């Protein structure tokens with residue numbers, strides 16, 4: 001079991017190049033590399049921006065893949081990326097990066113209660 005989060009990372013083309021360079025030196029069997037290579041969803045827009053999305057992952061500070069991603073994001077200019085993490089608990093969210101709107105993904109976090117109106121016979 002454990003505590004799970006949903007994580008989104010949007011990278012500008014310059015940051016995508018830096019990520020490819022950073023993972024080039026990572027052992028192929030490493031959890032760090034698997035985390036990057038196998039997100040739940042991955043998209044590239046027409047400008048070369050990339051969205052990585054992981055659903056229900058353990059984003060623990062002591063996990064190598066989390067440490068790798070945190071170090072990578074800290075190496076970037078804030079205008080090169082947008083990061084969002086939403087945990088299971090109310091109010092457990094992290095945001096990183098600058099105001100990076102030059103992408104077409106519309107990434108934002110939202111919490112709420114949703115339901116369908118029942119059909120009454």
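On the stretch given as the stretch 24-73, residues that are within 13 Å of the chain's Cα centre (by Cα) and within 20 Å of residue 2 (Cβ to Cβ) total 16. One residue stands out in the stretch 46-63 among those that are exposed (fewer than 14 other Cβ atoms within 10 Å of the Cβ) and closer than 18 Å to residue 20 by Cα: the one that is modelled with the highest pLDDT, namely 48. Checking the stated criteria, residue 106 turns out to be closer than 25 Å to residue 4 by Cα and surrounded by fewer than 10 Cβ atoms within 10 Å (Cβ to Cβ).
Just one residue in the set 15, 22, 8 is closer than 20 Å to residue 74 by Cα, in contact (Cβ under 8 Å) with a residue 60 or more places away in the chain and not in a strand (DSSP E or B); that residue is 15.
The values are calculated or read from the model by the stated rules, or taken from the named source; none is laboratory data. All values reported here derive from a predicted model rather than from experimental measurement. Here the Cβ is made from the backbone with ideal geometry for all residues, glycine too, and neighbour counts use every protein chain on show.
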